[in-house]
Amino acid sequence: MKADKNKYQSRRDFVKSAGKLIVVLPLVVVPALLIKKTSVKGYVWQIDPFKCTQCGQCKTNCVLTPSASKCVHAFRMCGYCDLCGGYLRQGVKSISTAAENQLCPTGAITRKFVEEPYFEYTINEKLCDGCAKCVKGCGDFGNGSLYMQIRHDRCVNCNECSIARTCPSNAISRIPASIAYLPKDRK
Amino acid sequence: MKKALPYIIFILLLFWHVAILSQDRFPRPEFESGHVYPTNQMPVPRAPVWGYIDLAVLLGALTVTTWLALKKRSRQGLVWMSLFSLAYFGFYREGCICAVGSVQNVSLALFNTGYSIPLTALMFFIIPLLFALAYGRVFCAGVCPLGAIQELTGIRPVKIPKLVEILLAFVPFIYLAIAILFSSTNSQFIICRYDPFVGIFRLDAPYTMIIFGALLLFAGVFVNRPYCRFLCPYGVLLNIFSRFAGKHLTITPAECTNCRLCEEACPYNAIIPSNIEQKQEEQDKSRKRFILYFVFVPVFALAGALLLYNMAPVLSGANSNVRLAREIRAEKKSGIESTLKDVIAYKESGKTETELYNEEELIIGRFRNGSPWAGAFLGISFGIGMISLTIKSRRSEYKPNQGKCYSCGRCFKYCPIKVKS
């Protein structure tokens with residue numbers, strides 16, 4: 001009887017050790033398979049401004065309120081026009097800084113006279129909510145110097161960016177944290 | 001041809017400028033007043049070293065929790081540990097990256113080129129599993145922020161019917177299988193998307209997430225650790241690994257005297273009572289039943305594989321490219337133009353329909369490859385679950401079920417046995 005019991009016990013122990021080995025195997029195999037695919041540096045999410053279609057979902061789909069994605073101005077690409085496609089809404093009767101003439105719903109763009117006939121447009125980051133209306137206007141009627149970027153002092157760096165998941169043109173992807181931004185006026 | 005070559009090269013060289021000038025509808029200004037372009041100062045992201053500091057905190061927290069649960073045996077200590085993890089991994093790190101979600105990163109990296117898994121994510125996946133293999137589910141006890149928030153709000157535990165518990169306990173397996181399937185096909189990270197507590201950690205979420213989280217926490221006051229028991233996909237892995245732990249938390253600090261005082265101590269029903277008094281079933285009968293269920297396991301695996309293989313087209317709808325292709329097809333068929341932003345963006349992009357449909361075929365193909373494995377996994381888990389329900393082993397002590405026990409230490413105070421230190 002006792003011999004039977006011992007056999008049962010040793011069989012149990014064998015099954016347990018075998019199970020332990022089978023279970024440890026993936027813990028060893030998975031990192032081994034991933035050795036070449038592991039990066040020591042971090043990654044952050046960023047919008048590729050050349051793929052962006054200015055759909056406006058950057059404002060609504062970010063998990064944060066206000067959104068971590070905001071408009072940035074590539075001054076070197078700007079035409080400094082009086083009739084700015086990103087500042088003024090379509091069909092303005094007069095070109096002025098009046099709120100009714102502005103495209104931006106939060107009034108985040110400031111228009112400053114530089115010299116004849118150039119005006120400088122700057123984005124007030126604190127007011128910008130990432131709706132991309134100015135980006136669309138600038139892209140449609142101007143030089144496309146206004147573009148969307150995710151700001152990394154606000155972005156929480158989710159494992160799956162909610163905006164990236166729903167971006168209609170798949171413009172948002174992970175880039176190395178050392179690069180962090182994809183400016184439109186990069187050479 | 002040779003004569004024209006330099007001119008051809010010249011024209012080609014001119015095209016270099018097209019990319020930069022392509023949108024220059026209005027010429028760049030030439031400032032006479034000497035105006036200087038302002039510079040954009042973009043904020044830098046969090047330095048990578050902080051990710052490694054998080055890893056160090058993880059290791060430290062796991063070590064301290066193990067010591068608290070196994071050596072010091074202090075429920076109070078484990079509660080304080082949970083509070084710390086909630087504060088650090090929950091509210092400070094805003095719940096991301098967590099070990100629960102790291103499963104998806106690993107599966108994405110294994111089955112896709114073009115994605116490198118960050119070392120921190122891989123370590124967040126491996127390290128809690130290593131600790132589980134050695135010491136049990138100490139990760140759940142005092143380190144996981146989701147577990148911590150549920151542990152700290154689970155104050156009025158209520159026992160639920162065994163059948164309900166068994167049925168709901170299968171949900172994490174389904175969640176894990178679907179999560180791995182979706183992340184391996186680069187479709188979605190559903191664990192992150194449907195994480196109920198991350199909105200509370202960030203103090204910012206769409207209202208649906210807040211409601212889901214709040215409801216789950218409220219339910220958790222009575223049915224403790226609802227996410228851990230009935231949803232957590234990582235818990236499936238921890239469950240499996242923890243069963244092989246050599247040094248696991250014990251209810252008694254020394255030997256069990258079968259006083260039965262701890263029987264109702266566990267709100268998670270993780271204490272397996274001893275059954276030396278019960279009549280032992282005939283070995284023959286139990287052996288026959290075991291063999292019968294054992295034979296059924298491959299049958300379940302096959303059934304699961306077939307079921308999920310047939311569900312592959314439906315499941316592939318999780319992928320946005322597949323959804324786009326279907327929308328385009330529907331648009332063509334019905335003649336009604338779609339208003340979806342994805343469709344508008346696709347039309348602007350200039351991608352041909354053939355390309356789109358080829359992509360769709362590829363993705364559905366990947367789902368067809370992957371879903372039988374998910375189905376087989378579900379079938380095998382179901383089969384093994386059935387076996388474990390029918391196995392009646394002889395137990396002479398009250399022990400925690402190493403797969404289910406979260407090493408929370410609630411049972412410590414019920415055991416009257418004290419060891420002289």
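The values are calculated or read from the model by the stated rules, or taken from the named source; none is laboratory data. Bear in mind that the values here come from a model prediction, so they are computed numbers and not experimental data. Cβ: placed from backbone, ideal geometry, glycine included. Neighbour counts: every protein chain shown.
For segment A:114-155, the set of residues classified as among the small types (G, A, S) and either surrounded by fewer than 21 Cβ atoms within 10 Å (Cβ to Cβ) or over 15 Å from the mean Cα position of the chain (by Cα) (or both) consists of A:G137, A:G139, A:G142, A:G144, A:S145, listed by residue number.
Could we say that B:E348 is buried (at least 16 other Cβ atoms within 10 Å of the Cβ), within 13 Å of chain A (Cβ to nearest Cβ), over 24 Å from B:L167 (Cα atoms) and free of Cβ contacts under 8 Å to residues at least 60 places away in the same chain here? For B:E348, the condition - buried (at least 16 other Cβ atoms within 10 Å of the Cβ), within 13 Å of chain A (Cβ to nearest Cβ), over 24 Å from B:L167 (Cα atoms) and free of Cβ contacts under 8 Å to residues at least 60 places away in the same chain - is not met. A:F14 passes every criterion in (1) of a type in the set (F, W, Y); (2) part of a loop (DSSP other than H, G, I, E, B); (3) not assigned by TED's automatic domain parsing to the domain that holds A:R151 apart from (2). The set of residues in segment B:108-119 being in contact (Cβ under 8 Å) with a residue 40 or more places away in the chain and surrounded by 22 or more Cβ atoms within 10 Å (Cβ to Cβ) consists of B:L108, B:P118. Quick test for you: out of A:G86, A:G130, pick the one residue that is touching a residue at least 40 places away in the same chain (Cβ under 8 Å) and closer than 30 Å to B:P48 by Cβ. Matching residue, one of A:G86, A:G130: A:G130. Looking at B:Y135, B:Y175, just one residue is under 30 Å from A:S67 (Cα atoms) and not aliphatic (A, V, I, L, M), and that residue is B:Y175. Where helices (runs of 4 or more DSSP H) sit wholly within segment B:80-174, those with at least 3 residues that are under 16 Å from the mean Cα position of the chain (by Cα) and within 11 Å of chain A (Cβ to nearest Cβ) occupy B:99-111, B:119-135. Selection of segment A:21-49 for residues being more than 7 Å from every other protein chain (Cβ to nearest Cβ) and either hydroxyl-bearing (S, T, Y) or under 13 Å from the mean Cα position of the chain (by Cα) (or both) yields A:W45, A:Q46, A:I47, A:D48, A:P49. Got at least one residue in segment B:21-43 being part of a helix (DSSP H, G or I), within 30 Å of B:N186 (Cβ to Cβ) and either at the interface with another protein chain (Cβ under 9 Å from one of its Cβ atoms) or modelled with pLDDT under 95 (or both)? No, segment B:21-43 has no match at all. Checked against the criteria, A:K51 counts as basic (K, R), assigned by TED's automatic domain parsing to the domain that holds A:C128 and in a loop (DSSP other than H, G, I, E, B). The one condition from (1) more than 9 Å from chain B (Cβ to nearest Cβ); (2) under 27 Å from B:V36 (Cα atoms); (3) under 21 Å from the mean Cα position of the chain (by Cα); (4) surrounded by 21 or more Cβ atoms within 10 Å (Cβ to Cβ) that A:Y87 does not meet is (3). Of the residues B:I160, B:I149, B:I174, B:I190, the single one that is under 16 Å from B:F230 (Cβ atoms), in contact with a helix residue (DSSP H, G or I) (Cβ under 9 Å, 6 or more places away or on another chain) and crowded, with 24+ Cβ neighbours inside 10 Å is B:I149.
Let's see how each residue does on (1) more than 10 Å from chain B (Cβ to nearest Cβ); (2) of a type in the set (S, T, N, Q); (3) closer than 18 Å to A:P66 by Cα; (4) touching a Lys or Arg at 6+ places or on another chain (Cβ under 8 Å):
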residue: A:P117; (1), (2), (3), (4): no, no, no, no
residue: A:L127; (1), (2), (3), (4): yes, no, yes, no
residue: A:G139; (1), (2), (3), (4): no, no, no, no
residue: A:L146; (1), (2), (3), (4): yes, no, no, no
residue: A:H152; (1), (2), (3), (4): no, no, yes, yes
residue: A:I163; (1), (2), (3), (4): yes, no, yes, no
residue: A:S169; (1), (2), (3), (4): no, yes, no, yes
residue: A:A177; (1), (2), (3), (4): no, no, no, yes
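Can you confirm whether segment A:100-114 contains a residue that is more than 29 Å from A:C167 (Cβ to Cβ), without any contact (Cβ under 8 Å) to a residue 12 or more places away in the chain and either of a type in the set (S, T, Y) or in contact with a strand residue (DSSP E or B) (Cβ under 8 Å, 6 or more places away or on another chain) (or both)? Quick ask: steps written out before the conclusion?
Taking segment A:100-114 and keeping what is more than 29 Å from A:C167 (Cβ to Cβ), we get A:100-101, A:111-114.
With the extra rule that they be without any contact (Cβ under 8 Å) to a residue 12 or more places away in the chain, the set shrinks to A:100, A:112-113.
If we keep only those that are either of a type in the set (S, T, Y) or in contact with a strand residue (DSSP E or B) (Cβ under 8 Å, 6 or more places away or on another chain) (or both) as well, we get A:112-113.
The answer is yes, given that some residue of segment A:100-114 is more than 29 Å from A:C167 (Cβ to Cβ), without any contact (Cβ under 8 Å) to a residue 12 or more places away in the chain and either of a type in the set (S, T, Y) or in contact with a strand residue (DSSP E or B) (Cβ under 8 Å, 6 or more places away or on another chain) (or both).
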